[in-house]
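The values are calculated or read from the model by the stated rules, or taken from the named source; none is laboratory data. No experiment lies behind these values; they were computed from the predicted model shown. Here the Cβ is made from the backbone with ideal geometry for all residues, glycine too, and neighbour counts use every protein chain on show. These area figures cover heavy atoms from the full protein model, side chains too; ligands, DNA and RNA do not enter into them. Shrake-Rupley method; radii C 1.70, N 1.55, O 1.52, S 1.80 Å.
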Amino acid sequence: MAAGMTFGNSGPEAFPYADEGPYGTPVVHKKAGLTRRGKVAIAVAGVAVVGGGTIWFQVHSAVVAKDEKEAAALQIQMKKLELEEMRIRNEQASIEKKAAAASAEKIQAAVDKCVKDSSGQIGKGYGSPSRSAVVADCKQQYETADGSGMQAAGSTQDAGNAGGGGINSPTLLGLVAGGGLAVAVFARKGKKAEA
């Protein structure tokens, strides 16, 4: 067999270290872009970011909705407390007004009785008191004797005219303190739920 002869389908063997071109072995360039593994990694990261963002948005929306519901409930409770406070003030003002009216009626009856008893001295002669002097003396006598009722009536009228006045009822103060405590408890529960 000769060195240059070939049998079958095989062609002549090329020399493995022979130059293919005039400038050396041609460089084989790899295709630009990501590998299959890189593409899979980017797809997984994208799905994770989108899924995490969606879950975060849903959780955030639920927390905001819960906070809005709690705020609305607190507002309703505060309105109820304000209405209860107004009701108590109105009841107390009504009671004080009735007491002042009863006291004023007692004073007027006593003044009328005093004037009636003293009417025999009016105009009897020189130096006798006039009717207005007798009425003034009787008013002074009975109003100073029961001045507490008149002061209560005066303070009730002033409070009614001033549009509320001060808080002077222990029950009212208790309700306001209870309302403040309820607000504090709800606020604390809201903070614990967020954490």
Can you sort 29, 60 by solvent-accessible area, 1.4 Å probe, largest first? 29, 60
Largest first, please: the extent of the C-alpha atoms of segment 33-134 along each principal axis, to the nearest Å. 132, 20, 7
According to a simple spin-label model (label point 7 Å from Cα along Cα-to-Cβ), what is the distance in nm between residue 189 and residue 177? 2.2
Two-site FRET efficiency, residue 97 against residue 61, from Cβ-Cβ distance with R₀ of 41 Å, rounded to 0.05: 0.15
Just how much of residue 57 is accessible, in Å², when a 1.4 Å probe is used and the result is rounded to the nearest 10? 120
